[in-house]
Amino acid sequence: MAANAVGALARKKGIAAFLGKNTNLVTFVVLATILGVMTRGRSFEWPSVRNLMIAESVRAFAALGVGMIIITRGIDLSIGYVVCLVASVSASFAQTPDYMAALYPGMDFPIYLPFIAGILTGGLFGFFNGVLVAYGKLPAFIATLGTMSIARGAQLIYTKAAVVGSVKDAYKVLAQGSVGPIPNLALYVVVAAAIVWFLLRHTRRGTNFYAIGGNPVAARVSGINVEKELVVVYTFAGLLYGIAGCLLSGRLGLANALTANGMELDAIAAVTVGGISQAGGVGTVGGMIIGVLTLGIINYGMTYLGVDSYYQLLVKGFIILVAVYFYIRKYSQR
Amino acid sequence: MADDRAEYVLEMLGIYKSFPGVQALDDVSLHVRPGKVHALMGENGAGKSTLMKCLFGIYREDGGEIILKGRLAKFHSAKDALEAGVSMIHQELSNVPERSVRENIWLGREPLHRFGPITFLNHGKMHRDTAALMKRLEMNIDPADRMGGLSISKQQACEIAKAVSYEASIVVMDEPSSSLTETETEHLFRIIRDLTARGVAVIYISHKMSEIFQIADDVSVMRDGKMLGTWPASELDEDKLIKLMVGRDNTQRFPTVDSEIGELRLEVRGLTSAESRSFKDVSFDLRRGEILGIGGLVGAQRTELVEAIFGLRKTSCGEILVNGKRAVIRSPRDAIRHGIGLITEDRRGSGIFPLLSVTENTAVASLGSYIRGGLLLEHRRIEAEARRFNEQLRTKTPSMWTQIQNLSGGNQQKVLVSRWLMTLPEILIMDEPTRGIDVGAKFEIYTIMAELARNGKSIIMVSSEMHELLGMSHRVMVLCAGRHTGTLEGPEASQENVMRLATQFE
């Protein structure tokens, strides 16, 4: 993305072409500048930037996952409740042993267990989605709507609708800590984004994802095992939701039935604003991250400016619709 | 002159229509008499369907006049045509499978109950009218049945019933009998005779010669978008008709195909489709350096056959041998592993990835050969190889990273050929390799094919263009309605013989 951008600038194509190609980045810079002016530069100060990073990190994992799925022309509505279930499962294995209301009272599990349990849960749900879409031939919208409800039910049954609290400090610090001024969460996102970037850009699998999203029939004719690749993409996304859930329970120090609710819509909105076309076959990791940050500064900026939270939803909705309106024109297949 | 006008119910005068790169209709005129069956004949792509689509308001002609019952007609949509008394049975079934027979027949003109400004469907009338229509046409179909649940021939009967129900003065039938049995065709002819007795003109398009001589009064023949003329059916016979349809001069140039034909490479034995109305018991051989043409009319199941060989369609019996060894091909991946490539007939639908670059489009089928350390794609080598193949084929593109959708049809096709060459195949199947590309690019594709054959590749070419078929193939294999009706070689491979085999219906 960055190399691409610099290259484009250097070439004779000029700034106009560069701006046309990177609408998502332009949107982000314009919004950030507006916010900067309105807050008299306060929003550019480190504490603000740091808060934004912490607030958006978990969502970034979900966006990376669903971003890849959308590249293959799919969709995933189960994210919110899967992350909620994962957060509950991971928290339940990280509760302090002397906490009386713990799900496993008196048990002191090793610190890696919540991660393993959480990530496996996420991966399992992703795998299940993938099998339904690829081999069951269910429309992704319906398949993931079903798993969404299953994840919801599983979470309520597992936690008996109670809060899973009193998480160990050793667990919390992984999500809440910092390396110097930089929050751990942001570092995890950088690592995950790098891995997804590598996958999409440098492996055969990534190329296959773009091909499947761009023209599933031609992908099959070209010898791509479309079904297998779809299972892989949903499973990989599930693993990312698993990480998101673990980090979320660590950051909050608890999990309950409301944790991560609506995250699927935030993630889908973010990648859409970031230029990942619902028609499939288009999108970059840079776009996904820019999309998350763009929605982040919209949220953060409106809160900072004291906009009523109900109006925030309204404004956010309009911004997403405008973005999609333009992208649909930009990426329409001639 | 005035009398002349009264003689015809429909006159199409000097119709022109062009599509990018093709003059589909070139000064075509047609005069149709009321109460007569007018057969419209011609090879694939002669312009019959295009002409009828102009009549029916689906296409707008570029020039010319349509005079219906003495009055100038300008149709902007099928609806206009239907209201003016022209109905049409389309070549492809065009029903809504999930709805009932009666809803399908009255679609878009449903009888309504009216209460002032409020209207709602009059199901009772719809049912009664449909039942009456079926009775009149002696069709045993329940108006309440779900359309998709009927057999193909009954669905076809419903299309016929629907066309009749408009009480039109002209009924166009584009290959109405293609999925009918002999008895059903007899039934169709009774309906046609009933219509003509009521003064309705029927324009009948079919490739089945015997039908034409059974039912038609007048026969018009088209060739290459031009109208050759109209004859009374009594003045023609099958041989004359075939000569008229195919007897055009070869204005196209072909490169000399001088490859050396070597050992046996592909043997297909008794291959039969898993689908009931597709190809049956097809056997043929293909040798090294050979170009085998597959000819036939629309519906001959040529595409289905080659897609089955490539693992895209299921077969119920038969076997495929590659280099003398039995090959199990269940998916395109298996086919590619056996050194087979397929360029599909639908470049846009199943060929290109419109938003991906030329490089990606070229490399997509052979990425497995360009991986380092079991994971990392070797972008530089991939681009270099993709560039090399595209340069060999002289693909014109601004850069290797241009989106393929920005190239012309001919250049897209070269990228697709490059894609398969990059998989290093021994057998290349090309389904309509020059469809929708301009004349200059066509010659380039032919040159590439000759060059590939010279380098020892074996090519199967499905083509609906007679000259291409005869000009490029060592042998021509002809299918008719899924059966292999013959293979022609040398001087035997003439237009007349191909057409004769292509119309050899059971």
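Read-outs throughout are calculated quantities, based only on the coordinates presented, and are distinct from any laboratory measurement. Predicted, not measured: the structure shown is a model, and the values here were computed from it. Methodologically, a virtual Cβ is constructed for each residue, glycine included, from the backbone with ideal geometry; neighbour enumeration extends over all protein chains shown.
Around the amide H of residue B:341, modelled in the peptide plane, lie the amide H atoms of B:427, B:428, B:429, all under 5 Å away and 5 or more residues distant in sequence or on another chain. Pairs of Cα atoms nearer than 8 Å and 6+ residues apart set the relative contact order; for the stretch A:52-326 it is 36 percent. At a Cα cut-off below 30 Å, give the lysines reachable from residue B:240, other chains included and same-chain residues fewer than 8 away excluded. The qualifying lysines are B:17, B:36, B:48, B:53, B:208, B:226. Toward the positive end of the charge dipole of chain B, with +1 on the Cβ of Lys and Arg and -1 on the Cβ of Asp and Glu, the farthest Cα among B:85, B:407, B:29 is that of B:407. Averaged over residues, the count of other Cβ atoms within 10 Å places the peptides A:187-195, A:270-278 in the sequence A:270-278, A:187-195, highest first.
By counting other Cβ atoms within 10 Å of each Cβ, how are B:76, B:467, B:90 ranked from fewest to most?
Arranged by neighbour count, lowest to highest, B:76, B:467, B:90 become B:76, B:467, B:90.
Based on Cα contacts under 8 Å between residues 6+ apart, chain B shows a relative contact order of 15 percent. Projecting the Cα positions of A:113, A:233, A:125 onto the charge dipole of chain A (unit charges on Cβ atoms of Lys, Arg, Asp and Glu, taken about the Cα centre) puts A:233 furthest along the positive direction. Ordering B:166, A:234 by the number of other Cβ atoms within 10 Å of each residue's own Cβ, fewest first, gives B:166, A:234.
In this Cβ point-charge picture (+1 for Lys and Arg, -1 for Asp and Glu), the protein assembly as shown has a dipole of about 2800 debye about its Cα centre.
A straight line joining the Cα centroids of the stretch A:115-174 and the stretch B:116-186 runs 52 Å. Cross-link reach is defined here as a Cα-Cα straight distance under 25 Å, omitting same-chain residues fewer than 8 places apart; for residue B:396 the lysines meeting it are A:12, A:13, A:21, A:330, B:414, B:442, B:457. Debye-formula intensities of chain B, expressed as log10 I(q)/I(0) at q = 0.08 Å⁻¹, are -0.59 (one equal scatterer per alpha-carbon, no solvent). Considering only B:392, A:63, A:324, the residue lying farthest towards the positive end of the dipole of the protein assembly as shown is A:63, judged by Cα position with unit charges set on Cβ. Bridging of residue A:172 to lysines at a Cα separation below 29 Å is possible for A:160, once same-chain residues fewer than 8 apart are set aside. As a rough footprinting exposure proxy, the listed residues A:109, A:115, B:353 were ranked by other beta carbons within 10 Å of their own, and the order from fewest upward is A:109, A:115, B:353.
The string of couplings for the stretch B:423-428 from the Karplus curve (6.51, -1.76, 1.60, θ = phi - 60°) is 7, 6, x, 9, 10, 10 Hz, one whole number per residue in order, with x for Gly and Pro. Within chain A, the whole DSSP H helices whose Cα atoms reach 18 Å or more along their own axis and whose mean Kyte-Doolittle score is at least 0.5 are A:23-38, A:46-71, A:79-92, A:113-134, A:140-159, A:184-202, A:226-252, A:285-304, A:309-330.
What's the ranking of B:139-148, A:308-317 by average number of surrounding C-beta atoms within 10 Å, highest first?
In descending order of packing, they fall as B:139-148, A:308-317.
The magnitude of the dipole of the stretch A:117-265, with charges of +1 and -1 set on the Cβ of Lys/Arg and Asp/Glu and taken from the Cα centre, is near 100 debye. Computed over the stretch B:2-246, relative contact order equals 28 percent, with contacts defined as Cα pairs under 8 Å that lie 6+ residues apart.
Once the Cα-Cα distance is subtracted from the 0.36 nm per residue extended length, the residue B:396 to residue B:319 segment shows a gain of 23.7 nm. Note on the stretch A:224-332: percent of Cα-Cα distances in each 10 Å bin, starting at 0 and stopping at the bin with the largest distance, equals 12, 35, 36, 14, 2, 0.
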